[in-house]
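S.K.: Right, I'll just put the structure down here and ask away after.
The values are calculated or read from the model by the stated rules, or taken from the named source; none is laboratory data. Here the structure is a predicted model, which means the values were calculated and not measured. Neighbour counts run over all protein chains shown; Cβ positions are idealised from the backbone, glycine included.
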Amino acid sequence: IWFTSDMKQCEVINFQEKFSEIKALYKVWLKRQITPLGRVAVLKSLILSKIVYLWLLLPNPPDKLVDALQKTMYKFVWNRKQDRISRKIAIKSIAKGGLGIPKLRDYINALKLIWVRKLKTSDHKWKNIIKVTYPKVTLLEQLGSSLPIEELHLNKFWNDVFQAYKQFGRKIKVESSDELAAEPIFCNDKIQVGNRSICYKNWIDNKVFCIKNILKENGAFMTFNQFKEKYEINTDCITYIGCVQAIKSYILKTGLTIDNNMSNHMIKTLKVIYSGQKGARLYYEVLIQDANKPKCCEKWETKLNTDINWNTSFKKIQKIREIKLKWFQIRLVQRILATNVVLAHMGVEKDVTCSFCGKERDAIEHIFWRCEHVKRFWEQLQTVVNNACANGLFVNLNESIILFGHDCSFKSDDTFDLIILLAKFFIYKCKVKKNIPQFNLFRNYLKTAFEAYKYIAIINMSYDKFTKEWQFYQTLMES
């Protein structure tokens, strides 16, 4: 790392060179035919690793540099073509319905939050320098993310650290009465008087920091006289009552109640920060969390006229080991799998009807379940599993099991899920080649896949586990 007296020059020297190296890596990897999931893995392992330590140890780079790098990342993942999944969804983890593309601003902020944890857990002497240079940092334990940053007069690096912590605090929601009682009163966007957060310095000087400080033992708020008698603060009744009303409005929004004064509980934001043992993954997941579901969820529920457990569906995708199959299932669930309708719109195909039956309009649900030829295929698979496979399952396949890998009325094992996934992939390959799927041909395909998985298990020294997983499905591979 290069340090200069001019901070802007420092940014140029350290970051511009690395960005040039990253562009060279992009050129190399764009020549390879890999899935977007593979490119995301390249981003995380080979590209971001070049600059993570710079973000951790230096002030944040200029916004223009971050935005430029973020744009190149999206272009790299989609091979310089149009995004097929919205960026708001693509940054989510696979278990949440996304692809795990790093969101750089939150990624950088998560790295900066490591220093907040170090202020508590580290024993190094640099902490003494911070306490002497910025004495108000000692209020961190009492004010949490509500610490008034502007009054600390921090240098650029530590300003970035506490700005990241402030943003982190906005993402944290209290979930219990004791966490609510420990919530800071001042500089807190959630507690406002006249549409503004409040900060009474004389209250802070007299150690009034959070909601629990103005509660009685039974959890009720102190009267104005009780408050003045306990803290001997020079304030007026209107100020105190306005503060209490603002806190009550906030408590009402949370839907929680305070039954007693939880005097020893830690602020929720600090509790989460200190719970992170290593790295910044926990902080990053909090910063990018979003309650919005992918648009495909609503489209599927409307199309099938049923509610679907999307948490289970996305977790099933995350468990898929083979990247080719994982990307296939993501495309199916996200409704970006190429059908004849899409190919006709692109000018690749002329006919928009099913490649198997030629009777109905081509659609994902038709290709994998509703087509008469595909239904016959699934009936044969169901019969073999129920009659010949001693797995203890009574399989009654339906549209939800086929498309999303699960159904609330049926509990499967990982091997059965893999077989269904391989069967779907086989059907799609038949569609591309315009061949009607034959169950006997699928058995040969499954046997080839089985031998490949067996070889991988042997070289990974996990053959015993492999045989236990597949012991009930050997009959499927008998022709």
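S.K.: Give segment 245-285 a look and list any residue that's buried (at least 18 other Cβ atoms within 10 Å of the Cβ) and either under 30 Å from ALA90 (Cβ atoms) or of a type in the set (Val, Ile, Thr) (or both), or say none.
M.R.: Listed by number, the residues that qualify are ILE247, ILE251, ILE258, ILE267, LYS268, THR269, VAL272, ILE273, GLY276, ALA280, TYR283, TYR284.
The rows are residues; the columns are (1) modelled with pLDDT of 95 or more; (2) in contact with an Asp or Glu (Cβ under 9 Å, 6 or more places away or on another chain).
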position	(1), (2)
HIS406	no, yes
ASP417	no, no
LYS424	yes, no
ASN435	no, no
ASN444	no, no
GLU451	no, no
TYR473	no, no
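S.K.: Still on this structure: Go through (1) within 29 Å of ILE172 (Cβ to Cβ); (2) touching a Lys or Arg at 6+ places or on another chain (Cβ under 8 Å); (3) assigned to a helix (DSSP H, G or I) one by one and return the number of the condition SER313 breaks.
M.R.: Tallying (1) within 29 Å of ILE172 (Cβ to Cβ); (2) touching a Lys or Arg at 6+ places or on another chain (Cβ under 8 Å); (3) assigned to a helix (DSSP H, G or I), SER313 fails exactly one: (2).
S.K.: I've got another one for you. How do the pairs read when you match residues in segment 461-479 that are under 19 Å from GLU379 (Cβ atoms) with residues anywhere that are among the small types (Gly, Ala, Ser), using Cβ under 6 Å and keeping only pairs 6 or more apart or on different chains?
M.R.: Between residues of segment 461-479 that are under 19 Å from GLU379 (Cβ atoms) and residues that are among the small types (Gly, Ala, Ser), the close pairs are THR475/ALA388.
S.K.: Within segment 250-298, can you find the residues that are within 30 Å of LYS118 (Cα to Cα), in a loop (DSSP other than H, G, I, E, B) and among the acidic types (Asp, Glu)?
M.R.: Matches in segment 250-298: ASP290 only.
S.K.: When the residues of segment 286-319 are filtered to those that are farther than 27 Å from GLY276 by Cα, hydrophobic (A, V, I, L, M, F, W, C) and in contact with a helix residue (DSSP H, G or I) (Cβ under 7 Å, 6 or more places away or on another chain), which remaining residue is surrounded by the fewest Cβ atoms within 10 Å (Cβ to Cβ)?
M.R.: LEU304
S.K.: With the requirement that a residue be of a type outside the set (Asp, Glu), within 29 Å of TRP310 (Cβ to Cβ) and either surrounded by fewer than 16 Cβ atoms within 10 Å (Cβ to Cβ) or without any contact (Cβ under 8 Å) to a residue 24 or more places away in the chain (or both), what does segment 353-369 give you?
M.R.: CYS354, ARG361, HIS366
S.K.: Kindly indicate whether ILE247 is of a type in the set (Val, Ile, Thr) and assigned to a helix (DSSP H, G or I).
M.R.: So ILE247 fits the description; yes.
S.K.: Tell me, please, whether a residue that is in a helix (DSSP H, G or I) and either within 27 Å of the chain's Cα centre (by Cα) or more than 25 Å from ASN188 (Cα to Cα) (or both) can be found in segment 129-137.
M.R.: The answer is yes; a qualifying residue exists.
S.K.: Please work out if ILE114 is out of contact with any Ser or Thr (no Cβ under 8 Å at 6 or more places or on another chain), surrounded by 14 or more Cβ atoms within 10 Å (Cβ to Cβ), aliphatic (A, V, I, L, M) and in a loop (DSSP other than H, G, I, E, B).
M.R.: It is false that ILE114 is out of contact with any Ser or Thr (no Cβ under 8 Å at 6 or more places or on another chain), surrounded by 14 or more Cβ atoms within 10 Å (Cβ to Cβ), aliphatic (A, V, I, L, M) and in a loop (DSSP other than H, G, I, E, B).
S.K.: Hey, among the residues in segment 299-310 that are in a helix (DSSP H, G or I) and without any contact (Cβ under 8 Å) to a residue 24 or more places away in the chain, which one's farthest from the chain's Cα centre (by Cα)?
M.R.: THR302
S.K.: Checking PHE356 against (1) within 23 Å of THR35 (Cβ to Cβ); (2) assigned to a loop (DSSP other than H, G, I, E, B), which single condition isn't satisfied?
M.R.: Every listed condition holds for PHE356 apart from (1).
S.K.: Here are some residues: LYS131, LYS92. Which one is surrounded by fewer than 19 Cβ atoms within 10 Å (Cβ to Cβ) and basic (Lys, Arg)?
M.R.: LYS131
Here's the yes/no breakdown for (1) closer than 30 Å to GLN334 by Cα; (2) outside the structural domain of LYS118 (by TED's automatic domain parsing); (3) loosely packed, with under 12 Cβ neighbours inside 10 Å; (4) not basic (Lys, Arg):
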site	(1), (2), (3), (4)
ILE22	yes, yes, no, yes
LEU25	yes, yes, no, yes
ARG32	yes, yes, yes, no
SER49	yes, yes, yes, yes
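S.K.: What about PRO36, is it modelled with pLDDT under 90 and surrounded by 12 or more Cβ atoms within 10 Å (Cβ to Cβ)?
M.R.: It is false that PRO36 is modelled with pLDDT under 90 and surrounded by 12 or more Cβ atoms within 10 Å (Cβ to Cβ).
S.K.: Please specify each residue of segment 449-471 satisfying the condition of being among the aliphatic types (A, V, I, L, M) and over 23 Å from ALA390 (Cβ atoms).
M.R.: Within segment 449-471, ALA452, ILE456, ILE458, ILE459, MET461 meet the criteria.
S.K.: Same structure again: Tell me which residues, restricted to segment 193-207, are farther than 19 Å from GLY144 by Cβ and in a helix (DSSP H, G or I).
M.R.: Matches in segment 193-207: ASN202 only.
S.K.: A further question on this structure: Given ILE401, ILE427, which one is among the β-branched types (Val, Ile, Thr), within 30 Å of the chain's Cα centre (by Cα) and crowded, with 19+ Cβ neighbours inside 10 Å?
M.R.: Of ILE401, ILE427, the one residue that is among the β-branched types (Val, Ile, Thr), within 30 Å of the chain's Cα centre (by Cα) and crowded, with 19+ Cβ neighbours inside 10 Å is ILE401.
S.K.: Here's something else I'd like to know. Applying the selection to segment 101-111, what residues are touching a Leu at 6+ places or on another chain (Cβ under 8 Å) and either assigned to a helix (DSSP H, G or I) or closer than 17 Å to ARG170 by Cα (or both)?
M.R.: Residues satisfying the conditions are LEU104, ASP106, TYR107, ASN109, ALA110, LEU111.
S.K.: Taking the criterion of being of a type in the set (A, V, I, L, M) and touching a Phe, Trp or Tyr at 6+ places or on another chain (Cβ under 7 Å), would at least one residue in segment 83-97 satisfy it?
M.R.: yes
S.K.: What's the number of the condition THR383 fails, among (1) of a type in the set (S, T, N, Q); (2) within 27 Å of GLY358 (Cβ to Cβ); (3) surrounded by 13 or more Cβ atoms within 10 Å (Cβ to Cβ)?
M.R.: (3)
S.K.: Quick check on ASP189: is it assigned by TED's automatic domain parsing to the domain that holds LYS118, at pLDDT below 85 and within 24 Å of GLN163 (Cα to Cα)?
M.R.: Against the criterion (assigned by TED's automatic domain parsing to the domain that holds LYS118, at pLDDT below 85 and within 24 Å of GLN163 (Cα to Cα)), ASP189 qualifies.
S.K.: Determine which member of the set ASP67, ASP106 is of a type in the set (Asp, Glu) and surrounded by 14 or more Cβ atoms within 10 Å (Cβ to Cβ).
M.R.: That would be ASP106, the only listed residue that is of a type in the set (Asp, Glu) and surrounded by 14 or more Cβ atoms within 10 Å (Cβ to Cβ).
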